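The values are calculated or read from the model by the stated rules, or taken from the named source; none is laboratory data. Keep in mind that this is a model prediction, so the values were computed, not measured. Ideal geometry is used to build each Cβ from the backbone, glycine not excepted, and the neighbour counts take in all protein chains shown.
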């Protein structure tokens, strides 16, 4: 049962990671200066409006998986739920598939960020999801490496011998 608990903990980590910050955009002084230089070229009222709008943008913006993804967040949650249910039903092959799917989806989203990778940085959410997927996979492998215990004796493949006729226990013919 230890392997099922391990997989359930990993699936919980994948699910929790969906609410953690995955991506961040930092508008530091250099970025504000570059955008501010562009607003200086705009005519009067438009330039003033743009500078005021720029001053309202926060210096640090974070996005969770729910905010950043369209469908991947739901698929990751389904992978976590499938891993939990399969672990409780002792179907470690299905747990391994769910963990592998969560790992692949997380790696793809880490590499293919929503926007230019020069501006968007990874936060701790995808690392937690990747760790959770690795724990799910580890839990599924722990079960598959355990020896199978036979519950019934092995079959006897010798040729059966015909019973001998015993006149004291025979039935009269019909």
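Structural remarks
- The set of residues from the range 115-130 being in a helix (DSSP H, G or I) and surrounded by fewer than 17 Cβ atoms within 10 Å (Cβ to Cβ) comprises just one member, 127.
- Of all the residues in the range 12-49, those that are at pLDDT 80 or above and under 30 Å from residue 70 (Cβ atoms) number 15.
- Matching residues in the range 131-168 - criterion: being modelled with pLDDT under 70 and either part of a helix (DSSP H, G or I) or under 46 Å from the mean Cα position of the chain (by Cα) (or both): 143, 144, 145, 146, 147, 148, 149, 150, 167, 168
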